[in-house]
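For reference, the structure is listed below as structure tokens.
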Amino acid sequence: MSTGLWVTLSYRDADAGLAWLKAVGFTERAVYRDDADPAVVQHAELAWPEGGGVMLGTHQPRPNWPDQAGTGSAYAVTDDVDGTYAAALAAGGSSLREPADQDYGGRSCVVRDPEGNLWSFGSYRGEG
């Protein structure tokens, strides 16, 4: 596994989530399915080209965890903000903020994926 930050999300339809994430630029590393029900994704890992990635699975109620899918958010660094934004919309995402240059530096946008998770894509890599 690469170093860096890994976001974890749950999806009602994990296969649709996997397809959307691959459409915006993530690369599938592993998918483990339930032997009794292959439609259930127990664990999946997708890498982001700039490092880190996302782990996800089919939403299943668990004690002390949020009881609904589609409530996460993440920021992914990319040099192609406009291209990633276009790919996200083409794959079924909805725009919350179009790509724009930011006062603090870089360019960014915000998209909601088909399950409601918020994705910010930006060229800003942080201070330091």
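The values are calculated or read from the model by the stated rules, or taken from the named source; none is laboratory data. Small disclaimer: the values here were computed from a predicted structure and weren't measured. Heads up, the Cβs are rebuilt from the backbone with ideal geometry, glycines too, and the neighbour counts pull from every protein chain shown.
Those residues that are more than 16 Å from S10 (Cβ to Cβ) and part of a loop (DSSP other than H, G, I, E, B), I need them from region 98-118; list them, please.
Q102, D103, Y104, G105, G106
Can you tell me which residue within region 97-113, out of those that are closer than 20 Å to V7 by Cα and of a type in the set (A, V, I, L, M, F, W, C), is nearest to the chain's Cα centre (by Cα)? Outline the logic, then answer.
Initial filter on region 97-113 (closer than 20 Å to V7 by Cα): 108-113.
After this cut, where a residue has to be of a type in the set (A, V, I, L, M, F, W, C) as well, the list is 109-111.
Numbers: C109: 14, V110: 12, V111: 10 Å.
The qualifying residue nearest to the chain's Cα centre (by Cα) is V111.
Table: residues versus (1) in contact (Cβ under 8 Å) with a residue 24 or more places away in the chain; (2) surrounded by 13 or more Cβ atoms within 10 Å (Cβ to Cβ); (3) within 19 Å of G53 (Cβ to Cβ).
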{"site": "S95", "(1), (2), (3)": "no, yes, no"}
{"site": "Y104", "(1), (2), (3)": "no, no, no"}
{"site": "R112", "(1), (2), (3)": "no, yes, no"}
{"site": "E115", "(1), (2), (3)": "yes, yes, yes"}
{"site": "R125", "(1), (2), (3)": "yes, no, yes"}
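Among the residues of region 42-93, count how many are modelled with pLDDT of 85 or more, out of contact with any helix residue (DSSP H, G or I) (no Cβ under 6 Å at 6 or more places or on another chain), more than 14 Å from N117 (Cα to Cα) and assigned to a loop (DSSP other than H, G, I, E, B).
The qualifying residues number 7.
Answer yes or no: is there a residue in region 22-37 that is modelled with pLDDT under 95, of a type in the set (D, E, K, R) and within 16 Å of S123 (Cα to Cα).
Taking every residue of region 22-37 in turn, none turns out to be modelled with pLDDT under 95, of a type in the set (D, E, K, R) and within 16 Å of S123 (Cα to Cα).
Could you pull out the residue among R112, R107 that is of a type in the set (K, R) and modelled with pLDDT under 95?
None of the other options fit; the residue is R112.
Every residue in region 1-41 that is in contact (Cβ under 8 Å) with a residue 40 or more places away in the chain, more than 20 Å from T71 (Cβ to Cβ) and in a loop (DSSP other than H, G, I, E, B), please.
Across region 1-41, the qualifying residues are M1, S2, T3, G4, G25.
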